[in-house]
């Protein structure tokens with residue numbers, strides 16, 4: 001009788017002291033599932049923490065870049081405004097300097113007009129106008145303005161404005177400038193005013 005009890009006990013329990021059979025398998029599966037759930041929860045928690053840390057880093061980087069963009073935009077806007085103001089001031093100053101350079105010519109003209117009222121010598125009057133013209137031309141040259149030399153030159157549409165055509169007195173003068181009706185000027189080698197010319201045909 002004692003042997004049957006011991007044998008029954010040996011068959012009804014496992015070496016770990018747990019009941020054998022279906023109940024044992026269910027309990028083992030449940031324990032494994034709990035362990036897996038805990039492991040998954042731990043991994044998910046770690047992944048969430050990593051994502052939050054990455055998000056914080058990206059937000060910090062975004063804020064830094066946005067702040068840099070705002071500063072650069074403000075600096076560029078200030079630079080643009082300053083450049084526009086300097087350009088306007090430069091143009092105004094350049095115009096003022098040119099006008100100031102022309103004032104001596106105006107002074108000479110006024111003196112010549114006053115002097116010519118009492119002068120009977122036409123030669124002196126002509127000489128006075130020539131001197132004023134030379135002074136005026138010198139001022140223009142100082143500003144980079146030069147008169148075009150057109151007469152006898154081949155017609156150039158980039159420099160000349162043909163207002164008329166006349167028969168050339170010599171076959172070699174065909175296509176050349178015969179007369180200059182209005183002098184052309186360049187400023188720093190760029191056309192300031194086209195010369196109005198008569199071209200031989």
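The table that follows gives values for the structure above.
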| read-out | value |
| --- | --- |
| Residue 75 versus residue 94: modelled label distance in nm, points set 7 Å from Cα along the beta carbon direction | 2.9 nm |
| Cα gyration tensor shape for region 115-178, rounded if a/c is under 1.5, else prolate or oblate | oblate |
| Sites residue 133 and residue 174 - FRET efficiency at Förster radius 35 Å, r taken between beta-carbons, to 0.05 | 0.60 |
| Cα→Cβ-extended label distance, 7 Å offset, between residue 118 and residue 84, nm | 5.6 nm |
| Net length gained if the chain between residue 191 and residue 49 were fully extended (0.36 nm per residue, minus Cα distance) | 43.9 nm |
| Values of log10 I(q)/I(0), in the order q = 0.21, 0.25, 0.30 Å⁻¹, for region 146-201 under a Debye, Cα-only, solvent-free model | -0.66, -0.87, -1.15 |
| Euclidean distance of C-alpha centroids, region 84-110 and region 145-201, integer Å | 30 Å |
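Every number here is computed from the coordinates shown, using simple stated rules; none is lab data. Quick caveat, the model's predicted, so the values are computed rather than measured. Positions of Cβ are generated from backbone atoms using ideal geometry, with glycine treated the same way; all protein chains shown enter the neighbour counts.
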